[in-house]
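See structure below.
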Amino acid sequence: MSERGVILEQLRLKANPYSGKLISFCGLDGCGKTTLIKRLEVYLSERGQDVVLTKQPTNAVRKSEIFRTFMDCENNSAFDYLSLSLLAASDRVQHTNKVIAPVLETGKTIISDRYFYSCLANLRARGYKDAKWIYEVSEYLIKPDVAFFLDIDVETAVKRVRSRIEERDRYIDMPLQYALRDEYLEIASLNNGIVISTDQSEDDAFEKVLEALNGHF
Ligand SMILES: Nc1ncnc2c1ncn2[C@@H]1O[C@H](COP(=O)(O)OP(=O)(O)O)[C@@H](O)[C@H]1O
Ligand SMILES: [Mg+2]
């Protein structure tokens, strides 16, 4: 890998031109995204905000054979991760511009469970550090007003995932989780992300979410 290849660039997401706010949550499986998103939805709704929840990638990708193979199987050699990444990036362009943007235009708040940052983190964590196209694609996407990156040590995240009955025996690529955690932290620092540690109580983490949103509502 070239020296240049490992350098992480800033994404070129465009500023949100609409009155509605876009908030994203990224981080490892089990880091607490769904938990804090639900709390934030309740909190904002109780204060009169119109809140819409959404998720990336969409089911079109989640249900694809290539995505399922990378998620569920140790042997994914029949597939090229670059192909999945391009598919996921395409899905995010469609979803951001045709699903998220119209909601923002109406002035509603939209909270996205994962966002384009996850695409970059996964691509880099799988070793594709030379990919320049991902920065170019980012120019077509809206930058979240607030991008949260929830951070927790890999062992705790995996324990939390395993505590869900349906995921008790799920295949988890451990080396990938370590690499992903590092990538998320670097991406956050370069792209004005808000890193929140979820190794304390949910209340503590949620308090930090609200502090970061102070001034946006
Ligand atoms: N500080 C915290 N913030 C968020 N979740 C926490 C925290 N501490 C413990 N948890 C627990 O961790 C688990 C996180 O699961 P979940 O929210 O589904 O994560 P994700 O959506 O990121 O996979 C939940 O069982 C939650 O109760
Ligand atoms: Mg979740």
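Here, each number is a calculation from the coordinates, and none is a lab measurement. Quantities reported herein were computed from a predicted structural model and do not represent experimental measurements. Every residue, glycine among them, receives a Cβ derived from its backbone with ideal geometry; neighbour counts consider all protein chains shown.
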Report summary line: Residues of region 21-50 being more than 10 Å from ligand 1 (Cβ to nearest atom) and surrounded by fewer than 21 Cβ atoms within 10 Å (Cβ to Cβ), in sequence order, are GLU41, VAL42, TYR43, LEU44, SER45, GLU46, ARG47, GLY48, GLN49, ASP50
Report summary line: The lone condition SER163 fails out of (1) crowded, with 18+ Cβ neighbours inside 10 Å; (2) over 21 Å from LYS21 (Cα atoms) is (1)
Query raised in the report: Filter region 166-181 for residues that are in contact with a helix residue (DSSP H, G or I) (Cβ under 8 Å, 6 or more places away or on another chain) and part of a helix (DSSP H, G or I); which is surrounded by the fewest Cβ atoms within 10 Å (Cβ to Cβ)?
Result: MET174
**Report entry** Which listed residue, of ARG92, ARG124, ARG114, is buried (at least 17 other Cβ atoms within 10 Å of the Cβ), under 26 Å from VAL195 (Cβ atoms) and in contact with an Asp or Glu (Cβ under 8 Å, 6 or more places away or on another chain)
**Finding:** ARG124
